Protein chains: 2
Amino acid sequence: MSRLTIQDVVDHLIKPVGQLEQTVDRLLVGDPDAKVTGIAVAFMPTQRVIEQMIEIGANLLISHEGLAYSHHFQPEILEQDPVFQTKRSLLEEAGIAVFRFHDYIHRYQPDAITAELVRTLEWQPYVLEHQQAASIVKLPAPSSLGDLAAHVKKKLGIPYMRAVGDLEMPCERIGILVGYRGGGSVAIPLYEREELDVIIAGEGPEWETPEYVRDAVHQGKRKALLVIGHAESEEPGMAACAEQLKTVYPSVPVRFLRDEPIFQVLL
Amino acid sequence: MSRLTIQDVVDHLIKPVGQLEQTVDRLLVGDPDAKVTGIAVAFMPTQRVIEQMIEIGANLLISHEGLAYSHHFQPEILEQDPVFQTKRSLLEEAGIAVFRFHDYIHRYQPDAITAELVRTLEWQPYVLEHQQAASIVKLPAPSSLGDLAAHVKKKLGIPYMRAVGDLEMPCERIGILVGYRGGGSVAIPLYEREELDVIIAGEGPEWETPEYVRDAVHQGKRKALLVIGHAESEEPGMAACAEQLKTVYPSVPVRFLRDEPIFQVLL
C-alpha cells in the first residue's frame, strides 16, 4: 500500500489556488490520515459511482458536486432520508473518503472545468479570452447553430441538448458557461459585452436566459442558446483531473467514473 | 370604453389574498388609473405576446413571470441592454401596463396555478391534499411511469418532457410541484413524507432532485421524476385566470396568449 494519505491528495488539488476561506470544498466524509488505496474521480458521487469504486478497491472519491443533493452540504436535513442514509452507510462501511472539488478547480487559472470543455470541443486554438465565469471563443469561420449543436453533441457524446434560436443562424462568437452559469445574471450581460452569437451553457432557470434569447430572436437580433446539461458541461474537466492525478501518482490506481445522463427525454 | 381602470383589475386579482407586504407582484410598468381597453394574460411577457396584445388593442398584461428575465425586477441591470430596451420602448409607446401576478395567485386557497394543472390533468377527483407548495394525488389505479408521462404530454399538449426513473414502474401517489418547486429543498422531503412514487415538477436544478431520484432508483427504491417545463406547468393556471376575468368583466376583451415552448430539443 502507498504511503500517500487522503490529505496529501487534497493538498495537491488545492495547492494551485491556496486555502480558500469561503468554500463548499472539503472532505465531506472520511479520515484524512487514511492511506489511499485508489482514487475515483466523478462529476457526482452517485450510488452507482460509489459501488463501482468499491469494486475497484478505491477509497478516495473526488467529486465535483456534493453528497446531499444540494450545493451546500447539510446532511442534517436528510438525517431521516433512506436514500441518503443508504449512501452514507455504504461510504462508512467501505471506509471511503469523499472530497468535494468544486470551488478550487473553478479557481484554477484558467478555470480547469471550462478549459477542458473548450479543449474537448477542439476550440482551444480559437479562445479569445478565459474569463472567470466564461470562456470566449471565435471560430475561424461561421457555423450554423444546427451544425454547431451537432458538433457539440458529437464531441461530448451526449444524446440531446436544448436550443433557443434559429438553427440556420450563423454563429462565430461563442460564450462557454459551464455548470449553473447559464443563469441570467452571468449569461445575459455577456451577449452584449462580448458581442456573442451564441452561449453554450450547462443549465440555468428557464425564465432567465432562454426567455431573453427568445425575445432577442423575435426582435430580429442574432442570438442563440444551447443548453447541454450540467454534468455534460463539467464532466470533461473532472475526467481531465483524473488524467492529471495519474501522472502525479503513477503507482496509485486512478479512475474517472462517468454515470449515465441524468434524464431520459420522452418525445 | 369601459370605466374599468388598471388598478380595479389589480385590486380584483389580489383581493382573495389581501395586500402582501413582501411580494414581487406589482405594476411593473404603466398607469394604474388608465382605463382598460382589453386584458391579455400570459405566463411570460414575451416580445411576441406584447406584439399580439397590441394587435388586439389590449392595454393590460397580466403575466406570471417578470419583464426583466429575473425573478426580481431590476430594470437598472438591463438599462443598456438592447433586447430589454426594445421591449420596454414598445410597452411605453403602446401605453401598456404590466401587472406581475405571481405570489398572489400562488397564495390563493388552494394555489390556483397548481389546482388548475391538476384539473387539466383530470386528476381533481383524486386529490388527497392541496398543500402550500404541492398537491398530492392518489390515482384510483396504478399507472406505469411511461403511461403517466404520455397522459401528461397529451393533456398539456407539450412536445416532450424529461424523466428520471424506470418507465415500467407503477405509479399511484403523485406530487404535483409547479414552476421552480422541483428544487431539492421542496421536492426531496416530499417523497418520504407523502410516500410518493413520482413527482411531476416544472423545473429545478439538475444536481438536486434528479440526482436524488437516480440514487433512489439505483438502490432499488420505487421513485421517479417527470420534469415538464416551467411554463408548461404554470400556463394552465394563467389560462384559467383569463377565463375567470372574462366572467367578471364580460364587456372587456380578455385573451390568454400562449407563446411557443421555450426550447427545441435537438436529438
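Worth a mention:
- Of all residues making up segment A:171-184, the number that are in contact with a helix residue (DSSP H, G or I) (Cβ under 8 Å, 6 or more places away or on another chain) and either in a loop (DSSP other than H, G, I, E, B) or open to solvent by 10 Å² or more (accessible area, probe 1.4 Å) (or both): 4
- Set A:248, A:217, A:227, A:213: member being of a type outside the set (Gly, Ala, Ser) and more than 12 Å from every other protein chain (Cβ to nearest Cβ): A:248
- Counted residues, segment B:135-150 - those being under 19 Å from the mean Cα position of the chain (by Cα) and within 12 Å of chain A (Cβ to nearest Cβ): 1
- Pairing each residue of segment A:210-237 that is over 17 Å from residue A:102 (Cβ atoms) with any residue that is small (Gly, Ala, Ser) and assigned to a helix (DSSP H, G or I), provided the two are 6+ apart or on different chains, yields C-beta distances under 7 Å for A:212/A:184; A:223/A:216; A:226/A:149; A:227/A:182.
- Residues (closer than 20 Å to residue A:264 by Cβ and either in contact with an Asp or Glu (Cβ under 9 Å, 6 or more places away or on another chain) or more than 8 Å from chain A (Cβ to nearest Cβ) (or both)) located in segment B:163-175: B:164, B:165, B:166, B:167, B:168, B:169, B:170, B:171, B:174, B:175
- Unique match (being open to solvent by 60 Å² or more (accessible area, probe 1.4 Å), at pLDDT 95 or above and either over 21 Å from the mean Cα position of the chain (by Cα) or within 26 Å of residue B:107 (Cβ to Cβ) (or both)) among B:155, B:221: B:155
- Screening the candidates A:236, A:210, A:205, A:250 for the property of being modelled with pLDDT of 95 or more and open to solvent by 30 Å² or more (accessible area, probe 1.4 Å) yields one hit, A:250.
- Members of segment A:253-267 found to be open to solvent by less than 30 Å² (accessible area, probe 1.4 Å), within 14 Å of chain B (Cβ to nearest Cβ) and over 14 Å from residue B:207 (Cα atoms), listed by number: A:257, A:266
- Every residue from segment A:122-147 that is in a loop (DSSP other than H, G, I, E, B) and among the polar types (S, T, N, Q): A:131, A:132
- Residues (assigned to a loop (DSSP other than H, G, I, E, B) and out of contact with any strand residue (DSSP E or B) (no Cβ under 6 Å at 6 or more places or on another chain)) located in segment B:97-121: B:102, B:108, B:109, B:111, B:121
- Here residue B:62 fulfils each of the conditions (1) surrounded by 15 or more Cβ atoms within 10 Å (Cβ to Cβ); (2) over 19 Å from residue B:235 (Cβ atoms) apart from (2).
- Extreme residue, least open to solvent (accessible area, probe 1.4 Å), among residues of segment A:67-87 that are more than 9 Å from chain B (Cβ to nearest Cβ) and at pLDDT below 90: A:75
- You will find that of B:190, B:121, the residue that is in contact (Cβ under 8 Å) with a residue 24 or more places away in the chain, farther than 28 Å from residue A:69 by Cα, buried (at least 17 other Cβ atoms within 10 Å of the Cβ) and not assigned by TED's automatic domain parsing to the domain that holds residue B:20 is B:121 and no other.
- Residues that are more than 20 Å from residue B:267 (Cα to Cα) number at least 2 in the following strands (runs of 3 or more DSSP E) confined to segment A:187-267: A:254-256.
- Filtered residue count, segment A:135-152, keeping only those that are out of contact with any helix residue (DSSP H, G or I) (no Cβ under 6 Å at 6 or more places or on another chain) and open to solvent by less than 40 Å² (accessible area, probe 1.4 Å): 8
- Taken together, the residues in segment B:32-77 that are of a type outside the set (S, T, N, Q), free of Cβ contacts under 8 Å to residues at least 12 places away in the same chain and either more than 18 Å from residue B:259 (Cβ to Cβ) or touching a Pro at 6+ places or on another chain (Cβ under 9 Å) (or both) amount to 2.
The values are calculated or read from the model by the stated rules, or taken from the named source; none is laboratory data. The structure displayed is predicted, hence computed values, not measured ones. All Cβ positions, glycine included, derive from the backbone under ideal geometry; neighbour counts span all protein chains shown. Please note that ligands, DNA and RNA were not included when accessible areas were found on the heavy atoms of the full protein model with its side chains. Shrake-Rupley method; radii C 1.70, N 1.55, O 1.52, S 1.80 Å.
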